[in-house]
Every structure is written in C-alpha cells, then in structure tokens.
Amino acid sequence: MPALDPANVSDPSSSDEILNAFLEYLVEAGIEPYGHQEEAILELFDGRNVILNTPTGSGKSLVALALHFKALCQKRRSFYTVPIKALANEKFLSLCQIFGPENVGMITGDATVNAGAPIICCTAEILSNLALREGMRAQVDDVIIDEFHYYSDPSRGVAWQVPLLTLPQARFLLMSATLGETAFFEETLTKLTGVETVLIQSDDRPVPLEFEYSETPLEEKVAELCEAGRAPIYLVHFTQLACAIEHYRRATGGVPASLDDLSPRWIKDVPRDVVGGGRYFYRASGPTDYALYGRGWNGRDDGGSGAHANLLLGPSTADDWVWTPR
C-alpha cells in the first residue's frame, strides 16, 4: 500500500480533509514540519501560487509532496520539473515509494515511463515543450518547478519561463534556495493565472553545512571522514585523472598504458573499508577532457568534466550500491 493513499480521504473535495490526512502521514512518519513548510502548505491548500525561497536542506520537497497529494486526491495532474535527468530519476523513484508506481511517471530525453500517470517527474524542457504545444489545453493542473533560479539562465532559462506564460490553468510552486527580488514574479504570475501568488521565505538552515578545503589525497580523505562519522560527503575533486589512475591501479594491480585503457568506461568496486562499498565508472573523452561519475548512498549520481568532477559518497551496504549506466 502506498505511504500516502488518496483512499484514506473520505471527502476529496475538502482541502481540510486532505490536509488532515497528510498531517496524519507526517505524524506516523515522525516528521514535524518547520514553520515555513506549514505556511507554504496552507497557502497551497488554499489554492494560491507559492514561491518558496528557503535554504538547501530546509525541506522544500515536503511542501511539494503535499501538493502532489492534494492533486492526486482531487484527480488533478501534477508535474515536478528539475534541471537534469538524474534528478528526475531520483524524484521518480522517491515518489513511487510514497504514492505507488502506478501513480507516478517519468519523462526525460532518455526515457518515458508511465507517461499517463497523474504525477509526472520530468526535466524542465519536457514541460516547456508540452506547454508550447498545448498551452491551456494541456492536462497540467499543478506545477512544481525546482531550482527556479534557472529562470535567469541565458541558455536554458526559457524552459522555466514558458510554463508560467502558457499554462494559466495551472497552480505553481516555484522553489529555490537562491532567489533575489521576487516581486516581479508575484505580480506577473498572479496576473497570468488569476490566482494570488505569495512568497514564503526563510533564512533558517535546519541542516548546517560545513566547508573544508583539503590537499589530502582523495582516498585518504574519504577514509578519514567516514571513520569520523561525517558521511555523507560531497567532494569537488580537482585532480580526477590522477584519481582515476589510482583506482585503476587498485582494481587491476597495474597502471593504464594510456587513456584508452580508461575509455570508454570501466567499473570498479570501491573497497568497503574506504567508502563503505560502491561502484564508480570513469570515462575519458579525450586527452584533456576527463569525466568522473559516482553513485552515492542515496541513489543520486553527480558528474563533472574538464576542471573537476563531483562525487557523492556515503556509507552503504553492498546491496545499496546498484549502478545503472546512463
């Protein structure tokens, strides 16, 4: 049974009953919402558009979850948009666990799964194309736009702009940790949709962030941090080629004769005593372009090329580290 089941709501036409069912779910899950989460949820359940500007780690996803649940109960179709396909995959799997796979679909440039579902996870461009094609005829009732600061991106920002301009029938939840002045969006979105738009803003950071610059070799640093109980860890690594060669040496007992030995891909099981067990693949596209990808404890994958590569590492069991190549 899904964790959030619309069948538990006796009167789906009542926002109050839906809200009570959602709050009961939070109690059963042992979650106590923060003040800004409660405020944003109440505004959404009153039918308003919401701009949610709170720090990373402050629980914006919980607000989105509430809107998905309200939409599902009222037989509305909700979309969750993200900048990259990896995030769409992650959100899709997460929402499948909560609402059941029959209620959740995913549409990206690479894959389409259950495209007719009432809850859709997709990249921003997917919704933008749908909005351009069908406009107010599109079956899009509630839209959650994550990383809304991409609106100002010179090359991709149009994908964040188009749904606001062409989907007047939709209610919007715009989320970002890094927004400036929002009065323009509040005023314009209210005019476009005919529904009041409110800003929910907070500077409180429930999950503190720690930053550290280190010149210790990556393998030693990761082991040190894990032993100190500081995982999960996000690293920006500036010498990824040297790191790849070192992992190749550990995996094969030798050294690569050339970059061709690392191309297009090799997979290595990272020793459990280093990062708790896991898999990584390295891809060399050319003598100066080197990319490193990793999958971490929470199923998210991050990648980088050129100047640096990104890793998300954390403790896991062997079963947690299941790698699906792109």
Problem - Of the criteria (1) within 15 Å of the chain's Cα centre (by Cα); (2) farther than 23 Å from GLN161 by Cβ, which one ALA3 fails - result: (1)
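To keep it simple, each residue is scored yes or no on (1) out of contact with any helix residue (DSSP H, G or I) (no Cβ under 8 Å at 6 or more places or on another chain); (2) buried (at least 22 other Cβ atoms within 10 Å of the Cβ).
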{"site": "PRO12", "(1), (2)": "no, no"}
{"site": "SER15", "(1), (2)": "no, no"}
{"site": "ALA29", "(1), (2)": "yes, no"}
{"site": "PRO33", "(1), (2)": "no, no"}
{"site": "ASP46", "(1), (2)": "no, no"}
{"site": "ASN49", "(1), (2)": "no, yes"}
{"site": "CYS73", "(1), (2)": "no, yes"}
{"site": "SER78", "(1), (2)": "no, yes"}
Exercise for the section: Might you let me know whether the stretch 144-153 holds any residue that is of a type in the set (Asp, Glu), more than 14 Å from ALA64 (Cα to Cα), without any contact (Cβ under 8 Å) to a residue 40 or more places away in the chain and part of a loop (DSSP other than H, G, I, E, B)? Expected result: yes
Exercise for the section: Among residues belonging to the stretch 140-169 that are polar (S, T, N, Q), within 23 Å of VAL63 (Cβ to Cβ) and at pLDDT 95 or above, point out the one that is nearest to the chain's Cα centre (by Cα). Expected result: GLN161
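One line per residue, one yes/no per condition, for (1) of a type outside the set (S, T, N, Q); (2) on the phi > 0 side of the Ramachandran plot; (3) in contact with a Phe, Trp or Tyr (Cβ under 6 Å, 6 or more places away or on another chain):
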| position | (1), (2), (3) |
| --- | --- |
| LEU67 | yes, no, no |
| LYS75 | yes, yes, no |
| PRO101 | yes, no, no |
| THR112 | no, no, no |
Fill in the blank from the handout: Residue count, the stretch 1-13, condition of a type in the set (S, T, N, Q) and either part of a helix (DSSP H, G or I) or modelled with pLDDT of 95 or more (or both), comes to 1
Problem - Residues that are over 29 Å from ALA3 (Cα atoms) and either under 16 Å from the mean Cα position of the chain (by Cα) or at pLDDT below 95 (or both), drawn from the stretch 110-134 - result: GLU125
Exercise for the section: Pull up the stretch 93-141, narrow it to residues that are touching a residue at least 24 places away in the same chain (Cβ under 8 Å) and assigned to a strand (DSSP E or B), then point me to the one that is surrounded by the most Cβ atoms within 10 Å (Cβ to Cβ). Expected result: CYS121
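Each row is one residue, and each column tells you yes or no for (1) assigned to a strand (DSSP E or B); (2) in the same structural domain as CYS121 (by TED's automatic domain parsing); (3) in contact (Cβ under 8 Å) with a residue 24 or more places away in the chain.
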| residue | (1), (2), (3) |
| --- | --- |
| ILE18 | no, yes, yes |
| GLU24 | no, yes, no |
| ILE31 | no, yes, yes |
| GLN37 | no, yes, yes |
| LEU42 | no, yes, no |
| LEU52 | yes, yes, yes |
| VAL63 | no, yes, yes |
| HIS68 | no, yes, yes |
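Check GLU210, GLU187, GLU181 and return the single one that is out of contact with any strand residue (DSSP E or B) (no Cβ under 7 Å at 6 or more places or on another chain), assigned by TED's automatic domain parsing to the domain that holds HIS36 and either touching a residue at least 60 places away in the same chain (Cβ under 8 Å) or in a loop (DSSP other than H, G, I, E, B) (or both).
GLU181
The values are calculated or read from the model by the stated rules, or taken from the named source; none is laboratory data. Model, not experiment: these values are computed from the prediction. Counting neighbours? That spans all protein chains shown, and the Cβs are built from the backbone with ideal geometry, glycine included.
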